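The values are calculated or read from the model by the stated rules, or taken from the named source; none is laboratory data. Model, not experiment: these values are computed from the prediction. Note that we place each Cβ from the backbone using ideal geometry, even for glycine, and neighbour counts take in every protein chain shown. All accessible areas refer to the heavy atoms of the entire protein, side chains included, with ligands and DNA or RNA removed. Shrake-Rupley method; radii C 1.70, N 1.55, O 1.52, S 1.80 Å.
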Amino acid sequence: MELAMGIMLGLLGLGAGCAMIAGIGPGIGEGNAVAAACEAIGRQPECKSSVTSTLIMGCAIAETTGLYGLIVAILLIFVAPGMFTGILKDAVTSMKG
Amino acid sequence: MTEEMAPDIHSKHFKAVDRALIALMILPILACMVLKIIYTPATEGVHISGALVFYQNDAMPVMPLIISESQVNSWGVMISILGLCLYLTHGLTARAVTKRQLVAEWIVEKCQNLVNENMGDYFSAWGPFVTAIIALSAFSSLICLLGLFSPTGDVNITGGWAILVFFLIMHYKFRGGFWNYFIGLFKPIPVFAPMNLIGEFATPLSMAFRHYGNILSGAVISALMASALGGLSQTVLGWLPGVLGEIPFLRVGLPAILSIYFDVFSGCMQAFIFAMLTMLNVSGAVPWDDWNARKEKRARRKAGAAQQPAA
């Protein structure tokens with residue numbers, strides 16, 4: 001029982017870590033967006049304000065996929081253990097009985 | 001031209017109403033704080049948890065009725081914003097005499113400009129709705145500066161707003177006729193139908209999760225940082241005698257700087273983005289060609305029906 005619980009919790013932690021690989025994509029995408037915005041401001045400094053607001057807006061939208069990964073990781077760490085421990089206990093008791 | 005009598009802003013009556021409105025702004029938030037203090041279980045140190053549950057009724061037919069902290073806080077924010085609006089518009093005159101009227105005019109003007117720029121003239125009546133979304137979302141996120149659980153960190157609240165926006169989007173999509181909308185799902189080729197259908201539901205889902213995820217991740221990272229700094233301070237400064245050793249000195253400063261980004265900047269940004277996406281999705285949903293064709297058809301039919309009895 002303890003071994004099964006330990007394996008389960010460890011795998012949940014591992015899964016949460018794997019879910020955060022999703023952070024790579026938005027990182028690259030936002031880097032590209034900022035690079036393009038810097039270029040645009042360098043070329044036309046007079047439209048700095050509109051470029052900045054568009055950039056922040058776009059960055060926030062590009063972040064979404066990363067946030068999905070983050071939500072999965074948070075659920076795996078804070079919600080899943082409570083849920084799965086009950087299932088595991090039920091399975092073990094039914095196996096014994 | 002009759003000169004409207006300007007309200008006497010120094011009279012006792014005016015000031016009493018002012019005080020009542022300020023109380024209407026502050027009291028709901030205070031009530032939320034008191035409720036939180038009463039219901040928080042005694043624990044040690046920083047604890048990461050969801051919203052507290054104030055009341056639960058298991059006897060409801062479909063699913064248990066749960067009144068949680070996030071709901072109560074959002075009601076508090078709503079009443080507080082109502083008080084703020086009444087306060088700002090108290091004693092309006094044709095020529096502004098009070099500072100608050102200038103503030104109110106500035107807010108209305110800015111929001112109306114935003115809506116007109118992003119949605120076009122046809123949707124100019126949407127100003128109040130969009131302003132309400134921005135205000136509710138921003139104040140809900142900023143309430144965590146007072147130590148309360150911010151309602152936007154709960155997926156149920158942002159999900160509710162997103163469902164509201166989803167119905168508005170569908171209403172405008174059906175303007176071109178249900179049949180035209182249904183055909184549109186099978187374009188460009190019929191194989192795309194499931195993907196188009198998923199895309200319809202993905203819009204509100206991504207709006208809800210974006211807002212919720214940003215606020216929640218900020219809260220979780222702040223809590224983790226605070227607990228880590230507390231532990232670090234205990235190991236580094238634990239040798240200090242007496243009470244001095246128990247105070248987590250390292251927790252001073254850094255969490256506050258993080259909070260400026262995660263709570264203030266991110267909260268206001270997400271409110272703006274939620275409103276922006278609402279505006280773009282709703283104004284982009286109207287199928288103008290189909291709608292105009294439908295209006296023309298209806299007008300022709302009406303004209304035909306009017307002519308027939310005459311002939």
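Note on B:Met195: accessible area approximately 120 square angstrom, rounded to 10, probe 1.4 Å, nucleic acids and ligands left out.
At a probe radius of 1.4 angstrom, the accessible area of segment B:36-182 per residue rounds to 58 square angstrom.
For segment A:52-66, a reduction of at least 20 Å² in accessible area between the chain on its own and the assembled protein chains (probe 1.4 Å) is found at A:Ile56, A:Met57, A:Ala60, A:Ile61, A:Glu63, A:Thr64. Sequence-ordered 3J(HN,Hα) estimates for segment B:149-159 from the Karplus curve with 6.51, -1.76 and 1.60 and θ = phi - 60° stand at 6, 7, x, 6, x, 10, 5, 5, 6, 5, x Hz, glycine and proline given as x.
Restricting the calculation to Cα atoms, chain B shows an Rg/Rh of 1.09 when the hydrodynamic-style radius is the Kirkwood one.
In segment B:79-152, Cα pairs under 8 Å separated by at least six residues give a relative contact order of 19 percent. For segment B:215-237, heavy-atom accessible area (probe 1.4 Å) falls by no less than 20 Å² from the chain alone to the full protein assembly at B:Leu216, B:Ser217, B:Val220. Pairs with C-alpha atoms separated by more than 25 Å, drawn from the list B:Lys15/B:Lys36; B:Lys36/B:Lys110; B:Lys187/B:Lys295; B:Lys173/B:Lys295; B:Lys12/B:Lys99; B:Lys110/B:Lys173, are B:Lys15/B:Lys36; B:Lys36/B:Lys110; B:Lys110/B:Lys173. Dipole magnitude for the protein assembly as shown: computed about the Cα centre from +1 point charges on Lys and Arg Cβ and -1 point charges on Asp and Glu Cβ, it is near 1060 debye. Evaluating 6.51 cos²θ - 1.76 cosθ + 1.60 at θ = phi - 60° for every residue in segment A:66-73, the Karplus couplings come out as x, 5, 4, x, 4, 5, 4, 5 Hz, glycine and proline recorded as x. With a Förster radius of 25 Å applied to the C-beta separation of B:Leu92 and B:Leu24, the computed FRET efficiency comes to 0.90.
Every Cα-Cα pair of chain A was included, and the share exceeding 19 Å stands at 60 percent. Comparing B:Val252, B:Val264, B:Val72 in a Gaussian network model of chain B (Cα springs below 10 Å), the most mobile by mean-square fluctuation is B:Val252. Going by accessible surface with a 1.4 Å probe and the largest first, B:Asp290, B:Asp154, B:Asp8 read B:Asp8, B:Asp290, B:Asp154. If you roll a 1.4 Å probe over segment B:153-289 with all protein chains in place, what percent of the accessible area is carbon or sulfur? Heavy-atom surface of segment B:153-289 belonging to carbon and sulfur, 1.4 Å probe: 77 percent.
Accessible area per residue for chain A, computed on protein heavy atoms with a 1.4 Å probe, is 63 Å².
These residues, B:Met78, A:Met5, go from largest to smallest accessible area, 1.4 Å probe, as B:Met78, A:Met5. Taking a point 7 Å out from the Cα of A:Met95 in the direction of its Cβ, the residues of segment A:1-37 whose backbone N falls within less than 19 Å of it are A:1-12.
With 0.36 nm allotted per residue and the present C-alpha distance subtracted, the B:Ile221-B:Glu105 stretch has 38.0 nm of extension available.
Using the alpha-carbon positions of the protein assembly as shown, Rg (one decimal) and Dmax (whole number) come out as 27.0, 106 Å. Using C-alpha pairs under 8 Å with a sequence gap of at least 6, the mean separation divided by the residue count of chain B gives a relative contact order of 20 percent. Shown here are the Rg and Dmax of the Cα trace of segment B:153-289, at 23.5, 78 Å. Here the relative contact order of chain A, from alpha carbon pairs under 8 Å that lie six or more residues apart, stands at 46 percent.
Across segment B:165-177, coupling constants 3J(HN,Hα) worked out from phi with the 6.51/-1.76/1.60 Karplus curve, θ = phi - 60°, read 5, 4, 5, 5, 4, 5, 4, 6, 5, 6, 4, x, x Hz, and Gly and Pro carry x.
Paramagnetic label reach from B:Ile9 (point 7 Å along Cα→Cβ; backbone nitrogen cut-off under 18 Å): within segment B:80-101, residues B:84-101.
Put simply, the amide H of B:Ser68, placed in the peptide plane, has neighbours under 5 Å in B:Phe54, leaving out anything fewer than 5 places away on its chain. Per-residue SASA remark: B:Cys85, around 70 Å² accessible (1.4 Å probe; ligands, DNA and RNA not included). For segment A:28-97, carbon and sulfur atoms together expose 70% of the accessible surface, with a 1.4 angstrom probe and every protein chain in place. The largest accessible area among B:His171, B:His90, B:His13 belongs to the first residue in B:His13, B:His171, B:His90, and the rest follow in falling order (1.4 Å probe, all chains).
What's the total accessible area buried between chains A and B, using a 1.4 Å probe, rounded to the nearest 100 Å²?
Numbers: alone 6730 and 19740 Å², together 25260 Å².
Using a 1.4 Å probe on protein heavy atoms, the buried area is about 1200 Å².
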